[in-house]
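Engineer: First the structure, which I've put down as structure tokens, then a few questions once you've had a look.
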Amino acid sequence: MWEEALPDPLLHAPEPNVFIATDFSLLPADADAGGPQPAAFRRSSVFEGFPVPRERLVPAPRLLGSPAGASSLKLWHLNCAEKFGQPRSEVWLKMTSPYYSLDAKNTRKEVLLELYVWCLEDSLNETLYPASKAKLHCGASSTSYGLSVKGSGFSQKLLKLVEVVLGSLGLEDYCSRAERRFHAQREELLRTFRNAWLKPQVHCSQLRRLLLLPAVVRPEAKTKELEGAGLPEFQSFVRGVLQPIGCEVLASGNTPREELESWAAEVLETRLHPVAQPLVQHDVVRLQPGTAHVFVEDAVDATQSNSAIEVYFQLPGRDGMAWDEGRTRLRVLLDLLEELMYEPLFDDLRTKQQLGYSVGASTRDSHGVLGFSVYVVSAVQRPPVLLQRIEAFLGGFVAHLRSCSAE
């Protein structure tokens with residue numbers, strides 16, 4: 001029997017891995033990569049003793065313009081391979097369209113876009129596995145403006161992998177042949193929506209976003225919309241998701257400029273057909289100076305023993321501060337405040353007062369509106385007590401900062 005058996009075509013050795021790199025040479029640095037710092041990074045007269053490097057740590061990305069036939073495409077390039085001594089690159093694609101930008105009045109589009117990303121990742125499993133073995137990675141995510149694709153790894157085959165992912169954006173084979181997989185991804189996303197706010201800290205943080213950003217919707221609203229969405233509606237959504245679309249690309253690392261330009265002209269023009277899109281703006285609720293607001297909501301999980309609180313301070317918004325050196329300086333100061341506050345905050349509220357293990361402070365950026373938050377998750381105290389302890393700490397911390405010397 002075995003002597004008469006014929007070879008089975010379904011049993012064969014794996015195909016050669018086309019993503020394995022063979023060229024690990026490094027690009028030479030650009031001639032002007034070590035030029036002077038832009039004005040926003042020069043030494044400030046306010047902090048004469050602050051050590052600011054006179055040379056760029058990393059050169060600024062260059063806007064290469066638009067390849068022929070893709071006038072709406074912005075192409076950025078950053079050569080920093082020699083700086084880090086790695087034959088690696090990262091590529092980001094930002095694809096924008098009003099068709100699926102964040103919109104509280106059309107939650108259905110938002111959940112369909114999230115489902116689209118899940119199905120796209122599922123359809124790419126067989127492609128991404130050999131790429132991962134070659135130390136290449138690529139994935140897509142849904143954003144407030146549309147879609148984002150990011151690839152990283154050895155530079156020689158990275159653009160090839162991104163091209164394969166872009167060629168799969170239409171999901172033609174997936175929608176026609178993988179109905180069972182579609183329903184599996186839909187159920188998994190429904191489970192994610194239902195469990196989204198089970199953890200008090202996540203629930204608390206998302207409530208802040210819900211109050212500040214009118215376009216944000218609750219997970220239960222997403223669940224309801226997704227439960228009513230079937231395969232025919234999803235297929236109709238996919239057919240329109242890529243047209244029209246605006247595209248912006250940044251390649252950083254060891255990718256040659258000429259290779260990026262030729263790839264963008266050939267691949268993006270044929271895959272995406274980019275066209276100019278209006279700038280997507282998102283409204284942010286402005287909190288009046290000197291006012292305070294308290295929002296209380298029960299935990300989603302009735303058996304949850306933890307309480308979470310987040311105290312948020314909003315700084316001047318986009319209309320009150322231009323996107324210039326002043327705003328950059330403010331962001332740096334907020335990050336510095338976060339670093340200075342972390343240790344004493346944890347020592348006081350966590351170690352000494354034993355309020356809870358999760359204690360911290362963080363800078364918040366809500367579509368360009370800066371803020372600062374202090375949060376505590378506790379199983380031993382209720383939110384009113386936690387608020388009193390946070391306010392007492394902040395009062396003492398401010399007094400401590402004012403008494404500190406310049407050193």
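We did not get these values from a lab; they are worked out from the coordinates using the rules stated. Keep in mind it's a predicted model, so treat the numbers as computed, not measured. Because the Cβ atoms are built from the backbone with ideal geometry, glycine has one as well, and the counts that use them run over all protein chains shown.
Engineer: On full extension of the chain, what length is gained from Leu210 through Leu330, given 0.36 nm per residue of separation minus the C-alpha to C-alpha distance?
Structural biologist: Length gained, Leu210 through Leu330: 40.8 nm.
Engineer: How far is helix 200-212 tilted off the main Cα axis of the chain, in degrees rounded to 10, range 0 to 90?
Structural biologist: It works out to around 90 degrees.
Engineer: Here's another thing I want to ask about it. Angle, helix 179-194 long axis vs. longest principal axis of the chain, Cα atoms, 0 to 90°, nearest 10?
Structural biologist: Value to nearest ten degrees: 0.
Engineer: What list of ³J(HN,Hα) values in whole Hz, one per residue of segment 246-257 in order, does the Karplus curve 6.51 cos²θ - 1.76 cosθ + 1.60 (θ = phi - 60°) give from phi, with Gly and Pro shown as x?
Structural biologist: Once rounded to whole Hz, the list reads x, 9, 9, 10, 10, 10, 10, x, 10, 8, x, 4.
Engineer: With bins 5 Å wide starting at 0, give me the P(r) of segment 307-401 over every alpha carbon pair, in whole percents.
Structural biologist: 3, 13, 23, 22, 16, 12, 7, 4, 1
Engineer: Treating cross-link reach as a plain straight distance, find the lysines whose alpha-carbon is under 28 Å from the alpha-carbon of Lys135, omitting any fewer than eight places away in the same chain.
Structural biologist: Lys74, Lys83, Lys94, Lys150, Lys157, Lys160
Engineer: Follow-up. Quick one: what does P(r) look like for the chain with 20 Å bins over all Cα pairs, in whole %?
Structural biologist: Result, from short to long distances: 20, 48, 29, 3, 0 percent.
Engineer: Can you sort Cys247, Cys204 from fewest to most other Cβ atoms within 10 Å of each residue's own Cβ?
Structural biologist: Neighbour counts put them in this order, fewest first: Cys204, Cys247.
Engineer: Follow-up question, since we're still on this one. Sort the following peptides by mean Cβ neighbour count (other Cβ atoms within 10 Å, averaged over residues), highest first: 333-343, 86-96.
Structural biologist: 86-96, 333-343
Engineer: Same structure again: Arrange the following residues from fewest to most other Cβ atoms within 10 Å of their Cβ: Glu225, Glu188.
Structural biologist: With the fewest neighbours first, Glu225, Glu188 line up as Glu188, Glu225.
Engineer: In addition: What full-extension length gain, to one decimal in nm, is calculated for Ser358 and Trp92 as 0.36 nm per residue of separation minus the Cα-Cα distance?
Structural biologist: Computed gain between Ser358 and Trp92 is 92.5 nm.
Engineer: Right, something else. Counting other beta carbons within 10 Å of each residue's own, what order do His12, His77, His400 fall into, fewest first?
Structural biologist: His12, His400, His77
Engineer: Using amide H atoms built in the peptide plane, which far-off residues or other-chain residues are under 5 Å from Trp76 H to H?
Structural biologist: Leu64, Val249, Leu250, Ala251
Engineer: What angle do you read, to the nearest 10 degrees and between 0 and 90, between the alpha-carbon axis of helix 325-345 and the longest principal axis of the chain?
Structural biologist: Computed tilt is about 70 degrees.
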